Amino acid sequence: MEYYNYIKSFHLIFVITWFAGLFYIPRLFVYQIESFHKPLPDKEILGKQLKIMAKRLWYIITWPSAILAIIFGVWLLILSPSWLQQSWMHVKLTFVVLLIIYHLKTHYYYKQLQNDIVKKTSNYMRIWNEGATFILFAVVFLVILKSAINWVWGIVGILVLGISIMLGFKIYKRIREKNPKA
């Protein structure tokens, strides 16, 4: 099992790059939605460039990272099946399933925007952008604390983070309304 730590390292690297993609793609969605409402030629120029950026991020970084993170994670579980007997791992895997659902829903939004279908507001996407953050907090607390009970404190932390983010979002929105260039 000398190679276990190498597999673990690759798993962590691809989890990080997966989250990087999931953190950034909704920001591109915000800009795409906002550019959609701009006058010509800005709408066309920005829209085209943002689609290219989103496509490259999504298919060159985010999707491959997701697949590789899952492959290396499953490989780790095959090498150490005893992890599956621990309750914290059950909770962690539940959050991994939620992350995959979040990823797939983000893919759905990606496809809509690539086809110039704008059904969500930029404010919605700003809030959507925080979904991966909540999952990341929960998983990190679970992995570090290795306790299905102590993860509750992680969830409390997530709620505090969520409330803080929402307050920050409202303050930012007010600043933007007062100064549209902010």
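The values are calculated or read from the model by the stated rules, or taken from the named source; none is laboratory data. This structure is a prediction, so every number in the text was calculated from the model and none was measured. Cβ: placed from backbone, ideal geometry, glycine included. Neighbour counts: every protein chain shown.
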**OP:** Quickly run through the range 99-126 and pick out the residues that are under 19 Å from TRP18 (Cα atoms) and either among the charged types (D, E, K, R) or in contact with a helix residue (DSSP H, G or I) (Cβ under 8 Å, 6 or more places away or on another chain) (or both).
**Re:** LEU99, ILE100, TYR102, HIS103, LYS105, THR106, HIS107, TYR109, TYR110, LYS111, MET125, ARG126
**OP:** Check the range 26-33 and report whether any residue there is part of a helix (DSSP H, G or I), basic (Lys, Arg), out of contact with any Gly (no Cβ under 6 Å at 6 or more places or on another chain) and over 28 Å from VAL118 (Cα atoms).
**Re:** no
Subject >> Lone unmet requirement of (1) touching a helix residue (DSSP H, G or I) at 6+ places or on another chain (Cβ under 6 Å); (2) modelled with pLDDT of 95 or more for LYS48 >> reply: (1)
Original post:
Among the residues of the range 93-100, is any under 27 Å from LEU142 (Cβ atoms) and not in a helix (DSSP H, G or I)?
Top reply: no
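A quick yes/no check of all residues on (1) more than 18 Å from LYS92 (Cβ to Cβ); (2) acidic (Asp, Glu); (3) modelled with pLDDT of 85 or more:
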| position | (1), (2), (3) |
| --- | --- |
| GLN114 | yes, no, yes |
| LYS120 | yes, no, yes |
| GLY131 | no, no, yes |
| ALA148 | no, no, no |
| TRP153 | no, no, no |
| ILE158 | no, no, no |
| MET166 | yes, no, no |
| ARG176 | yes, no, no |
| PRO180 | yes, no, no |
**OP:** Can you give me the number of residues within the range 50-92 that are among the basic types (Lys, Arg), closer than 19 Å to TYR109 by Cα and in contact (Cβ under 8 Å) with a residue 24 or more places away in the chain?
**Re:** 2
**OP:** Check off (1) surrounded by 18 or more Cβ atoms within 10 Å (Cβ to Cβ); (2) closer than 30 Å to LYS43 by Cβ; (3) not small (Gly, Ala, Ser) for LEU99 and give me the number that stays unchecked.
**Re:** (2)
Original post:
Would you pick out the residues in the range 104-121 that are in a helix (DSSP H, G or I) and surrounded by fewer than 19 Cβ atoms within 10 Å (Cβ to Cβ)?
Top reply: LEU104, LYS105, HIS107, TYR108, LYS111, GLN112, GLN114
Original post:
If you take the residues of the range 42-71 that are over 22 Å from VAL139 (Cβ atoms) and under 17 Å from the mean Cα position of the chain (by Cα), which of them is surrounded by the most Cβ atoms within 10 Å (Cβ to Cβ)?
Top reply: ALA54
Subject >> Meets criteria (charged (D, E, K, R), touching a helix residue (DSSP H, G or I) at 6+ places or on another chain (Cβ under 6 Å) and modelled with pLDDT under 95) for LYS92 >> reply: yes
**OP:** Scan the range 1-16 for residues that are in contact with a Phe, Trp or Tyr (Cβ under 7 Å, 6 or more places away or on another chain) and surrounded by fewer than 19 Cβ atoms within 10 Å (Cβ to Cβ) and report the count.
**Re:** 2
Original post:
Can you name the residue in the range 17-41 that is without any contact (Cβ under 8 Å) to a residue 40 or more places away in the chain and hydrophobic (A, V, I, L, M, F, W, C) and, of all such residues, is surrounded by the fewest Cβ atoms within 10 Å (Cβ to Cβ)?
Top reply: LEU40
